[in-house]
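Take a look at the structure below.
Derivation of every value follows stated rules applied to the coordinates shown; laboratory data play no part. Being a predicted model, the structure only gives us computed values, none of them experimental. Quick reminder, even Gly has a Cβ in these numbers, built from the backbone with ideal geometry, and neighbours come from all protein chains shown.
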Amino acid sequence: MTWQARLLMLIMRVERFFNLSATELDVAKDRADSENFAKIFKPLGKVDITRVDAGGVPAAWIVPSGLETERVILYAHGGSYNSGSITSHIPLTGNIALATKARLLAIDYRLAPEHPFPGAIEDALSAYRWLLAEGIPPRHIAVAGDSAGGGLVLALLLALRDEGLPLPACAAGLSSWTDLTCSGDSWKANAKSDFMLKLIPTLKSAEIYLREADPRTPLASPLFGDLTNLPPILLQVGSDEIILSDSVLFAEKARSAGVDVTLNVWKDMQHEWHYAASWLPEGRQAIARIGEFVSKYFP
């Protein structure tokens, strides 16, 4: 572990100590905190940002300055389905665009509690259809997301396959939330080592997102879906995350279904350590691997 990672973990440990009793979900605070993170971390290079309407979904092209390419990443941000935005995730999406040498389309899908399931997956589908309508071949498209967004793009693969739409070249999930029942072993085993996520607020986030839907419905929890005939998938997750089992179990099930899955478990890393790549070497290394993975499957 680098000294930067040790320092960041110390800061998070101290913050967690002073918030041990914080078990309530505060959506307004989470939304504000997400936006503030973008003021701390920055992309590692210059990116140009252009707002667009992607089939009725607010979106933005995030493109490395001067880059001309047919490569496209459709990206869904994290935030427990109730927070996060294009703006909050520019430090992460900018770095992924730089690493993949692609034009990244970040979407502002509808959030709970104002817009519960299936609002987010409907918006992801609309944005993907829009890319196809714009004449972008599916072999030039990859989908990616972090946390809830990671689960969302994996659910998107199931929806695309079931609707008979052409699948993207590949997918990447960062600290992906694939099981809204939060029932994997790591949700308890890593409760003390994860300084970012807590079980009770996460379950409450699932509750307001799902509303009346079954938490095991595949388009909300892709872990419980039929995973056959999906494109190659990269999953990255930290060993200290309570959400670790979401990626491990998904990878195991996908492999059993014949899917080409690459699982990277990063020792001692916290939830979405990629976000701090401008300061954290491990974040830069993980994002570089995303770039290498995507390049393997683009023409």
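Evaluated with a Cβ-only charge set (Lys, Arg +1; Asp, Glu -1), the stretch 216-275 carries a dipole of roughly 200 debye about its Cα centre, given to the nearest 20. Remark on ILE73: its backbone amide H falls under 5 Å from those of ARG103, LEU104, LEU105, ALA142, a criterion applied only to residues 5 or more positions apart or on other chains, H modelled at 1.01 Å from N. Among the listed options (i) 139; (ii) 158; (iii) 115, the one matching volume of the Cα convex hull per residue in Å³ as calculated from these coordinates is (iii). Suppose we keep just the DSSP beta bridges with both residues in the stretch 3-297; what percent of those would be antiparallel, to 5? Within the stretch 3-297, antiparallel bridges account for around 30 percent of the total.
Using the reciprocal of the averaged 1/r over all distinct C-alpha pairs, how large is the Kirkwood radius of the stretch 146-299 in Å?
Kirkwood radius, the stretch 146-299: 15.7 Å.
Shown for the chain: lysine pairs separated by 8 or more places, or found on different chains, whose C-alpha atoms are under 17 Å apart, numbering 8.
Ranked for footprinting exposure by Cβ neighbours inside 10 Å, fewest first, ARG255, ARG161 give ARG255, ARG161.
Database remark: amide H of THR262 closer than 5 angstrom to the amide H of ILE233, LEU234, LEU235 (H placed geometrically; neighbours at sequence offset of 5 or more, or on other chains; Pro and chain starts carry no H).
Summing charges over neighbours of LEU25, with a neighbour being any other residue whose Cβ is under 14 Å away from its Cβ, gives -1 when K and R count +1 and D and E count -1.
Could you please report the charge total around ASP226, scoring K, R as +1 and D, E as -1 over all other residues with beta-carbon less than 9 angstrom from its beta-carbon?
Taking every other residue near ASP226 into account, the sum is 0.
Taking amide H positions as modeled 1.01 Å from N, with prolines and chain starts lacking one, the residues under 5 Å from ALA54 and 5 or more places away or on another chain are ALA59.
When each of THR202, THR2, THR100, THR217 is scored by the number of other beta-carbon atoms lying within 10 Å, the sequence from fewest to most is THR2, THR217, THR202, THR100. Counting neighbouring beta carbons within 10 Å and listing from fewest to most, the residues TRP61, TRP130 come out as TRP61, TRP130. Think of it as helices only: each DSSP H run of n ≥ 4 in the chain is worth -39500 (n - 2.57), and spread over all residues that comes to -12000 deg cm²/dmol at 222 nm.
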